[in-house]
Amino acid sequence: MKAWLRAASLAVAALATQGMAFAGAYAYKTLTSQPATGEETSEKRYFHCLETGCGADFDMTTGQMVAALKGNTEGSVPCPKCGKALTQERYMCDGCNTTYEPVGHGGRPDKCPHCGKSLIVARPKR
Ligand SMILES: [Zn+2]
Ligand SMILES: [Zn+2]
């Protein structure tokens with residue numbers, strides 16, 4: 001990353017911290033103004049850091065994720081351990097309470113890779 005770009009994103013991060021309450025309220029408004037998805041901003045999401053040598057697993061709420069993405073030019077939430085934005089969202093299996101990788105772009109596999117529980121969710125047809 002270029003030095004000026006890093007400085008700029010640090011400034012954005014500082015602003016984001018100071019304006020967290022505002023950002024949270026804004027994120028909430030943004031999310032709720034979209035078509036209902038049945039997800040709450042307080043819904044817990046799970047992430048895994050892909051950085052070599054880090055591999056941290058962490059979670060945050062949808063509201064926190066939206067706030068984190070607002071000050072981020074790299075499109076992923078930054079890892080709280082190493083600070084790199086090389087993170088991937090994981091899904092939690094409610095059958096075995098283990099996170100698993102999405103397939104493709106945020107898709108869910110048919111079955112949990114750990115316990116084999118079916119993950120196919122019936123989607124309402126339009
Ligand atoms: Zn990391
Ligand atoms: Zn499972």
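Points worth noting:
- Greater than 22 Å apart at Cα, pairs in K44/K70; K2/K44; K84/K117: K2/K44; K84/K117
- The chymotrypsin sites (Phe, Trp or Tyr not before Pro) of the stretch 35-113 include none that DSSP puts in a loop with a beta carbon having at most 11 other beta carbons within 10 Å.
- Inter-probe distance in nm under a simple model that places probes 7 Å from Cα toward Cβ, at T52 and A3: 2.6 nm
- The amide H of R108, built 1.01 Å from its N in the peptide plane, has V103 as neighbours under 5 Å, considering only residues 5 or more places off or on other chains.
Only the coordinates and a few stated rules stand behind these numbers; no lab work does. Everything numeric in this text was worked out from a predicted model, so none of it was measured. FYI the Cβ positions are ideal-geometry reconstructions off the backbone, even for glycines, and counts take in every protein chain you see.
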